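Presented below is the structure to which this report refers.
The values are calculated or read from the model by the stated rules, or taken from the named source; none is laboratory data. Since this is a predicted model, take the numbers as computed values, not measurements. Reconstructed Cβ throughout: ideal geometry from the backbone, glycine too, with neighbour counts over all protein chains shown. Areas reflect the complete protein model, heavy atoms only, side chains present, ligands, DNA and RNA absent. Shrake-Rupley method; radii C 1.70, N 1.55, O 1.52, S 1.80 Å.
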Amino acid sequence: MRSIALLTSCLIALSSLCAAELNLTQSLSSKQILPANFKPPQVFKNVNLVRTTNLDKEYPREVINVIIENIDSKPQSEYYLPFESSLLSRVGGLEVKDKKAAGKLPFKVEVVEYDSYSSTQFYLIHLPEPLQPKAQQTLSISFSVLSALTPVPATINQMDNQYVQYTFSAYSPSAYTTEKQKTKVKFPTANIPDYSVLDAPNADNTEDPQKQGSTFTYGPYANIPAGAEELVSARYEFTKPLTHATLLERDIEVSHWGGNLATEERFWLTNRAATLANQFSRVSWQMTQYSNPPTSALKGLAMPLRIGSLNPYFIDDIGNVSTSRFRSNAREANLELKPRYPIFGGWKYSFRVGWDADLKNYLRKLKTGDTYVLKVPFLEGPRQPEGVEYARVELKIVLPEGATNIHHETSVPLVASEATIHRTFMDTIGRSTLHLTAINLVDEWRDRDIVVTYDYPWTAGFRKPIVIFSALMGLFTVVYVIGSFDVSIGKKKTA
Amino acid sequence: MSSPLHDIWEAASASPYQPAVSKDSQFVVGAVLLFTAFILTGVFGLNRSIVTLPVLGVPASLAFGFGAVYMICAVGVYV
């Protein structure tokens, strides 16, 4: 009786082969095209602006807290944020929140495009509720800038300290008049041999910048017009690697049969630090391995995985890399990787790591219907004290064969999302796959999750065993048919 | 923070996904099913007839189908 029910379900599974259609939610990659002579309408003014630039990590993290006021006669909801076009392509993870409502979702932000030759490009911030005339709102705009630090000098000796230079505008980028503003720069060290001193004193009539230990303050400045720029730069000690991943491919594979979530990350790393002035000396490198002085070479990567991760592997172009450690217990699952060689400035290293996890911690089934909801980290990868930056992240979420009606949601800004088919072991039609692309991410984003829902009828799950069943059953039938041929050359037995 | 799919995730907190066969027993289940398929195939091979084709062939094929899936999972290729 049960086998009949099973057979029926198998037939349904086979019949749904052609019915598997993907239904995918659209991504956030929309762009608004504006005319070439576009200028942001002067409907806002910045009453007070404080910009904080944190240089602790290898990527500057900017937080702009600004009180904006609507000076137009109508309610306004579109606030423009200008960037120089070469900078815009390196700005990542731009998030805007209401400073006074911290728990709320970030505002909708998009890049507007009007003339690709223009030196200024804009981010458009949509205020969730239009700001009434004369009303004020406090925005908290945060973003990080990739590939922003330049080693000066560009070549150093193996054991030398490294100095990097960061160039920025003392005036915060703004498309509106700013009544009062200042820029605070927090350096990781007090060893700052060179920095720009502005000729004109600031609004308080004191020297510009003001120094307090490792924190510099440019400003305050009064009544700065829209689009004004005052380039300054600082050179400070940063004897740490500038780890830059040109590409990270991350695959997450869901297996209902195996109850497993398999993750694989493929890295293409490079170190943007100062290059070696002379040849690499293995002897002097080995001599420093006990004292462990700061170095601009990348020696190891620490990857804290989710608790319960299993079976890690670490492979590069040559094969398995044995210099890794995995410590897993009820409180942590730390994967510590050591590349085959220290990665000095300008050197590259590409490798792949992967691990398994129990699916029950990441997948839930809705009470009604055959809908499943999956929640996985968008980005894992290494967590380094100096940070890691990713120019491009391509995430593939491979769902079981026959999953349909796929929707996803994440707070990570995506540039592309598409549904594809991934074909691998024992597949007949291929697995439904969600292919997401994000650019300019940094390792701070590794705690962000992505939630995916999909329909997966239980009949679709039987596709794999049924295919094997049919093949073997066919084989038996062929054996029976061929075996029943009488190919003997003697007389036919009559009895 | 609230958003529709996160709410769905929270709403389903009582029902984490449980596979029919847990990871620890995949190898045993797969091995038993494959062995059953092997024996039934052997018996069918010795005694081929129109009756034994469905009587032995169908259970052997089913056992091989599910056994193969579980054995492949057990050795680390999570299909």
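With a cut-off of 8 Å between alpha carbons and a minimum separation of six or more residues, what is the relative contact order of chain B in percent?
Working: 56 pairs, mean separation 28.8, N = 79.
Relative CO of chain B lands at 36 percent.
Highest average first, the peptides A:133-140, A:177-184 ordered by how many other beta carbon atoms sit within 10 Å of their residues are A:177-184, A:133-140.
Run the helix sum for chain A: -39,500 (n - 2.57) per DSSP H stretch of 4+ residues, divided by residue count, reported at 222 nm to the nearest 500 deg cm²/dmol.
Value at 222 nm, helices only, nearest 500: -3000 deg cm²/dmol.
For the range A:44-92, the solvent-accessible area of protein heavy atoms averages 34 Å² per residue (probe radius 1.4 Å; ligands and nucleic acids excluded).
The C-alpha atoms of chain B define a longest principal axis, and helix B:52-74 lies at about 40 degrees to it. Within the same chain, aspartates and glutamates fewer than 8 places from A:K338 are excluded, and of the rest, those with a Cα less than 12 Å from its Cα are A:D316.
List the accessible area buried at the contact between A and B, summed over both sides and calculated with a 1.4 Å probe, in Å² to the nearest 100. Before the final figure, lay out each step's value.
Working: alone 25280 and 6240 Å², together 27380 Å².
By this definition, chains A and B bury close to 4100 Å².
Please find the FRET efficiency linking A:S350 to A:A101, where r is the Cβ-Cβ separation and R0 is fixed at 45 Å, and quote it to the nearest 0.05. Present the calculation step by step, with values, prior to reporting the outcome.
Details: r = 43 Å, r/R0 = 0.96.
Efficiency, rounded to the nearest 0.05: 0.55.
Applying a threshold of 22 Å to the alpha-carbon distances of A:K45/A:K104; A:K100/A:K182; A:K360/A:K396 flags A:K45/A:K104 as lying beyond it.
Accessible area of the range A:241-456 with a 1.4 Å probe: how many percent of it is carbon plus sulfur? Carbon and sulfur: 51 percent of the exposed surface of the range A:241-456. Protein heavy-atom accessible surface, 1.4 Å probe, per residue over the range A:109-205: 45 Å². Look at where the Cα atoms of the range A:442-495 and of the range A:238-285 average out, and the two centres are 40 Å apart. So what's the angle, to the nearest 10 degrees on a 0 to 90 scale, between helix A:2-15 and the longest Cα principal axis of chain A? Its long axis makes an angle of about 50 degrees.
Against chain A, whose longest principal axis comes from its Cα atoms, helix A:463-483 is set at around 30 degrees.
Cross-link partners of A:K367 among lysines, defined as those whose alpha carbon lies under 26 angstrom from its own and excluding same-chain residues fewer than eight positions apart: A:K375, A:K464, B:K23.
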